[in-house]
Amino acid sequence: MLLIGAGNSGCDIAVDAVHHAVSVDMSVRRGYDFVPRYLFGRPSDTLNQGRPLPARIKQAVDSRVLRAFTGDPVRFGFPRPDYRIYESHPIVNTLILNHLGQGDLRIRPDIARFEGTTVHFRDGSVDDYDLVLLATGYTLDYPFVDREHLHWRGASPRLFLNVFPASFNGLYVMGMIEASGIGWQGRYEQAELLAAYLSAVEEDPARAARFRERVTGAPWPDVTGGYRYLGLDRMAYYVNKDAYRGAVRREKMALEVSA
């Protein structure tokens, strides 16, 4: 089988497929950084829960730590990443590297064209496959809402903290965030912020009005954490976990304090 795409879903599929398929190839366009699910006996996304390191320092430290644990993915056949760690979503799966090292699967380059069951790769190589599986991501869309109501800009809506349209038209979006390690906690805090606003609308309209004034009149908080994310559609609503959660907590606290 040929699996196209090596994101988190693609790698999860691959490490299952090697136990059932006669052979598994993965076609990839770019390199990736790989993060073990556990580091030092703890889930990797629970480490460094104190004051976050500046982006450049964290990139320098974590890239060295990860290389010590996982090695260089280029040795396993992946292209070298053309960006710094955390500027694209890392792959939280190192089993893929184990299977590559054991010869259970192999990396192939991007695809040039298909001819029936024959696949031509951009390096000139050719192979036949009886199954091709696309793990190439998805396009963000809310087809039941006209785009003007969510202030779309490019590949995603432009919303305050990825929740509130600046027009405050009664629509709110939950869960439209992607970040390394943000998990369900970040989405839970989103819901808490929205609940705090809706409560203020009912119980203290002046507080709700001040929140709307901040959204429409003040610069929005920087939720990149200092990282320069790749200009890809799938990164259009990407945030830094620490910067985003900090901004959400501050807005919630402001909503809960009377003037």
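The values are calculated or read from the model by the stated rules, or taken from the named source; none is laboratory data. Predicted model, so just to flag it, every value in this text is computed and none were measured. FYI the Cβ positions are ideal-geometry reconstructions off the backbone, even for glycines, and counts take in every protein chain you see. Note: areas computed on protein heavy atoms with side chains; ligands, DNA, RNA excluded. Shrake-Rupley method; radii C 1.70, N 1.55, O 1.52, S 1.80 Å.
Overview of values
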| quantity | calculated |
| --- | --- |
| Accessible surface of the chain, 1.4 Å probe, proportion on carbon and sulfur as whole % | 52 |
| Ranking by accessible area, most exposed first, for Met1, Met174 with a 1.4 Å probe | Met174, Met1 |
| Hz values of 3J(HN,Hα) by residue in region 227-237 - Karplus curve (6.51, -1.76, 1.60), Gly and Pro given as x | 8, 9, 6, 4, x, 9, 4, 6, 9, 5, 10 |
| Residue among Leu194, Leu133, Leu97 with the largest mean-square fluctuation in a Gaussian network model of the chain, springs linking Cα atoms under 10 Å | Leu133 |
| Probe 1.4 Å - accessible area at Arg37, Å² to nearest ten | 120 |
| Rh (Kirkwood; distinct C-alpha pairs) - the chain, Å | 20.8 |
| For Asp33, distant residues with modelled amide H under 5 Å away | Ile91 |
| In region 122-174, the trypsin sites (Lys or Arg not before Pro) that fall in loop regions by DSSP, at most 16 other Cβ within 10 Å | Arg122, Arg158 |
| Net dipole in debye of region 158-259 [+1 Lys, Arg Cβ; -1 Asp, Glu Cβ; about Cα centre; nearest 20] | 260 |
| Calculated over region 144-254: convex hull of Cα atoms, volume per residue (Å³) | 108 |
| Stretch gain in nm, segment Arg250-Met174, where the contour uses 0.36 nm per residue and the Cα spacing is subtracted | 25.6 nm |
| J(HN,Hα) series, region 107-114, from Karplus relation 6.51 cos²θ - 1.76 cosθ + 1.60, nearest Hz, glycine and proline x | 8, 10, x, 4, 8, 8, 5, 10 |
| Å² per residue, accessible surface of region 144-259 at 1.4 Å | 53 |
| Sequence-distant residues sharing a close amide H with Val24 (under 5 Å, placed H) | Arg106 |
| Förster-model FRET efficiency, 35 Å R0, Tyr188 and Ser23, C-beta, rounded to 0.05 | 0.25 |
| Three-way shape call for region 93-215 based on the alpha-carbon gyration tensor, with the a/c threshold at 1.5 | prolate |
| Accessible area, probe 1.4 Å, largest first, for residues Ser63, Ser27 | Ser63, Ser27 |
